[in-house]
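The values are calculated or read from the model by the stated rules, or taken from the named source; none is laboratory data. Here the structure is a predicted model, which is why all the values come from computation and not from measurement. Every residue, glycine as well, gets a Cβ built from its backbone with ideal geometry; the counts of neighbours run over all protein chains shown.
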Amino acid sequence: MIERGVASWYGPEFDGRKTANGERYDMHAMTAAHRTLPFGTVVEVRDLDNGKSCRVRINDRGPFVHRRIVDLSYAAARALDMVGPGTAHVELAVVSPGSPAPRESAVVLASASAGPAESAAPSAGFTVQVGAFGDAARAETLRDLLARRFPDAVVRSDGTWHRVQVGHFPDRAEAEALRRKLADLGWAPRVVAIP
């Protein structure tokens, strides 16, 4: 897979916080956040302006800014000389794929139910999930960003995962319409059942 777009980076304010795959973010490690690539995927990131490149491992979800395709660690941003500018036009190429169905992704795709007994219960409707985080602060940041355009954006937590969701719909078709709208805006949303 080759993808082109804008890269950004995140550093000290997130250092030590949990990433979406459960690891602690280390700003000095060669890691990155991507919206859809499986955790553990190694990608080569090449700056299209200066030709510099580096390899990073996907261990987080993001970026949550329209038209950005990857959030790099501070170390990766330094390797590309993009710390000062903050963003760069890059090309991503997968070097080695991660797990096709990691445990963390299964949690992100699951409904917001607390246990298996509840997940088998009839659905009370549908919502559109834009992200799920182990770190409540990151979920709240995304919720605040979405709420500018979607006032009904909320964070639903089960104590472990903090899910950022938009809307409450009685049938799946309405939720799918919102999912498409969010996807057109550059997000990677999923429709999930509300228990």
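Being touching a residue at least 12 places away in the same chain (Cβ under 8 Å), not in a loop (DSSP other than H, G, I, E, B) and not hydroxyl-bearing (Ser, Thr, Tyr) is not true of Ala20. A single entry from Phe133, Phe126 fulfils the requirement of being crowded, with 16+ Cβ neighbours inside 10 Å, among the aromatic types (Phe, Trp, Tyr) and at pLDDT below 85: Phe133. Restricting Arg78, Arg55 to those that are in the same structural domain as Tyr25 (by TED's automatic domain parsing) and part of a helix (DSSP H, G or I) reduces the list to Arg78. Within the stretch 165-185, the set of residues being surrounded by 15 or more Cβ atoms within 10 Å (Cβ to Cβ), assigned to a helix (DSSP H, G or I) and hydrophobic (A, V, I, L, M, F, W, C) comprises Ala175, Leu178, Leu182.
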